[in-house]
1. Only residues that are polar (S, T, N, Q) and either farther than 30 Å from Ala57 by Cβ or open to solvent by less than 10 Å² (accessible area, probe 1.4 Å) (or both): list them for region 80-102, please.
2. Confirm whether Gly143 is more than 17 Å from Val50 (Cβ to Cβ) and surrounded by fewer than 16 Cβ atoms within 10 Å (Cβ to Cβ).
3. Does region 48-90 hold any residues that are farther than 14 Å from Val194 by Cα and either under 15 Å from the mean Cα position of the chain (by Cα) or in a helix (DSSP H, G or I) (or both), and which are they?
4. Which of (1) without any contact (Cβ under 8 Å) to a residue 40 or more places away in the chain; (2) over 28 Å from the mean Cα position of the chain (by Cα) is the odd one out, the single condition Ala168 does not satisfy?
5. Within region 113-129, identify whether any single residue is of a type in the set (Gly, Ala, Ser), surrounded by fewer than 19 Cβ atoms within 10 Å (Cβ to Cβ) and farther than 21 Å from Tyr54 by Cα, and answer yes or no.
6. Mind listing just one residue for me: the one in region 115-161 that is part of a loop (DSSP other than H, G, I, E, B) and touching a residue at least 40 places away in the same chain (Cβ under 8 Å) and, of those, nearest to Leu72 (Cα to Cα)?
7. For the list (1) closer than 23 Å to Ala64 by Cβ; (2) at pLDDT 95 or above; (3) open to solvent by 40 Å² or more (accessible area, probe 1.4 Å), I need the number of the one condition that His173 fails.
8. Can you find a residue that is crowded, with 19+ Cβ neighbours inside 10 Å and closer than 21 Å to Val61 by Cα anywhere in region 156-166?
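The values are calculated or read from the model by the stated rules, or taken from the named source; none is laboratory data. None of these values were measured; they are calculated from a predicted model. Backbone-built Cβ (ideal geometry, glycine too); neighbour counts: all protein chains shown. Only protein heavy atoms, including side chains, enter the accessible area calculation; ligands, DNA and RNA are left aside. Shrake-Rupley method; radii C 1.70, N 1.55, O 1.52, S 1.80 Å.
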Amino acid sequence: MKHIIAVALASTVMSPSAFAADAVVYNEPAPASAPMIAPGFDWTGPYIGVQAGYAWADLDVGPATIDADGVLGGVHAGYNYDLGGFVVGAEIDYDFANIEIDGGIGEVDGVARGKLRAGVDLGRVMVYGTGGVAYATADTVLGDLSDFGWAAGAGVDFAATDNIIVGAEYLYHDFSNFDDSGIDVNVHTLKAKVSFKF
């Protein structure tokens, strides 16, 4: 009988510690989370869009220089090819312009361009240089004039979504001896652009 009571007391004393041992839960350490990587953007594909901005110009007429300035805006279309870290492409555009020449001489009323582009792919941002041929028309006291020249500049594009690209571009244009008038015309343009990428 004494042995039975001793066993019963021993089991009663040991039970809480056994339950406590069962209550210990071992948790595996959580795996380290992978670092967040910004998603890339593929610039390859065609796009179309609109642009608007401001222009200023110098007309060299012999020893004199005549200033001009005004607004312009129009449409553009192009194609980019993403080489991975580097983007190449081509673009054509046309701007309706109202670049008034001082002295009531007239205005530059249109500028068209065909350009090549090359830029650095920074994810959803692309910084690029561009250059090519330019064609301008002007309504002046000498009549309707037009001529070819060249344009070069730089810009930046930002992919706001997978299809909407916004950007800004500066271009310098040079038209020597514009339409055999003896006038050299230098035009600067600064424009904002919005494009839809297909």
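1. Passing the criteria: only Asn80.
2. Yes, satisfied.
3. Scanning region 48-90 gives Tyr79, Asn80, Tyr81, Asp82, Gly85, Phe86, Val87, Val88, Gly89, Ala90.
4. Status for Ala168: all satisfied but (2).
5. Scanning region 113-129 turns up at least one residue that is of a type in the set (Gly, Ala, Ser), surrounded by fewer than 19 Cβ atoms within 10 Å (Cβ to Cβ) and farther than 21 Å from Tyr54 by Cα.
6. If we take residues in region 115-161 being part of a loop (DSSP other than H, G, I, E, B) and touching a residue at least 40 places away in the same chain (Cβ under 8 Å), then Arg124 is nearest to Leu72 (Cα to Cα).
7. In the conditions (1) closer than 23 Å to Ala64 by Cβ; (2) at pLDDT 95 or above; (3) open to solvent by 40 Å² or more (accessible area, probe 1.4 Å), His173 misses (3) alone.
8. Looking through region 156-166, none of the residues is crowded, with 19+ Cβ neighbours inside 10 Å and closer than 21 Å to Val61 by Cα.
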